[in-house]
1. If you take the residues of region 140-166 that are in a helix (DSSP H, G or I) and among the polar types (S, T, N, Q), which of them is nearest to A66 (Cα to Cα)?
2. Being polar (S, T, N, Q) and without any contact (Cβ under 8 Å) to a residue 12 or more places away in the chain is the filter here, so list the residues in region 103-121 that pass it.
3. Inside region 29-58, can you point out the residues that are over 18 Å from I109 (Cα atoms) and crowded, with 17+ Cβ neighbours inside 10 Å?
4. Report whether or not R85 is within 45 Å of the chain's Cα centre (by Cα) and either among the β-branched types (V, I, T) or within 30 Å of K41 (Cα to Cα) (or both).
Amino acid sequence: MTSIPFHRAVLWATAGIGVLAFLSLYTVNQTEEALVVRLGKPVRAVHSPGLHWKMPLIDSVVYYDARLLHLEPPLEQVILGDQKRLLVQVYARYRITDPLLYYQSVQTITQGQAQLSQIISSATRRSLGQVPLTSLLTPERVKATMAILTESAARSLALGVTVTDVRLRRADLPPETSQAIYDRMKSERNRMAKELRAQGIQWQQEIEAKADRERTVILSEAQKQALTIHGEGDAQATRIYAQAYGKDPAFYKFYRALRTYQGSLADSTPTLMLSPNSDLLRYFDKGSAGATAHGGKSRTAAQ
């Protein structure tokens, strides 16, 4: 009868010790850092992984990720140094290096990300507000991002956070600005096209005028050469005719008459109305005998 209460007491004592040990011990992983908070007041930060103890019931443990974290603030409009507007979105990499300061400054991860986003946004506006749009299209863009990183890292130390990297994720023109630039580019291309067309028409007219001038010169030279050659041919023919006439005038007249017959009868009608005493028919009247006699006289005169 006396052994049963003793066993129960041992059981209850063991259970109490187990519960007390469970409430007093906690573990920290290698990817975490812990902060022990006693009645709402932070007591100590734990950086080493493993099993640790705390006061049961009055102490609580807040865990923070010790790894490199990613932050991507929302897209916002920024006024550049040349008063142009730009839609900018950045992303940052940061790490919680001081859990105690982080808890005292922002307490929760959500509030910490909100304040860090404001710091990065302010640094982005201040840095990009000093550079023109053309600088963001050159290697000077690296200088602007480094200025954002330097300011963000310096101001985030007060939160117990170390910012390791800040980059521009997007840098786009607003839709209305993009449309205005597109319209200006379109009008500029249309103006250049009109200038090129006008220049092409001018070149066409110059080439056509030069070609017409050269054509006129070539035709005039050709006509001159043709007239010269034709005149030389007529002179040579006249000279040959004169030489032939001087050697045998009768034969030359006979030959000229035959050429006249050929030229007259070729283009005329088959019927010709001529007078019997026509000088044109003198060789038809004598017949072949007259032609032979005429030819003999001509050969005798030639000899």
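1. Just the residues of region 140-166 that are in a helix (DSSP H, G or I), to begin with: 141-159.
Filter again for among the polar types (S, T, N, Q), leaving 145, 150, 152, 156.
Numbers: T145: 25, T150: 22, S152: 19, S156: 16 Å.
Looking at the filtered set, the residue picked out is S156.
2. Let us first name the residues in region 103-121 that are polar (S, T, N, Q), namely 104-105, 107-108, 110-111, 113, 115, 117-118, 121.
Across region 103-121, the qualifying residues are Q107, T108, T110, Q111, Q118.
3. Across region 29-58, the qualifying residue is only K54.
4. On the way: within 45 Å of the chain's Cα centre (by Cα): yes; either among the β-branched types (V, I, T) or within 30 Å of K41 (Cα to Cα) (or both): no.
No.
The rows are residues; the columns are (1) outside any loop (DSSP other than H, G, I, E, B); (2) surrounded by fewer than 17 Cβ atoms within 10 Å (Cβ to Cβ).
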residue	(1), (2)
S60	yes, yes
Y64	yes, no
R67	no, yes
D82	no, yes
Y94	yes, no
A114	yes, yes
R126	yes, yes
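Only the coordinates and a few stated rules stand behind these numbers; no lab work does. Computed from a predicted model, the values in this text were never measured in an experiment. Heads up, the Cβs are rebuilt from the backbone with ideal geometry, glycines too, and the neighbour counts pull from every protein chain shown.
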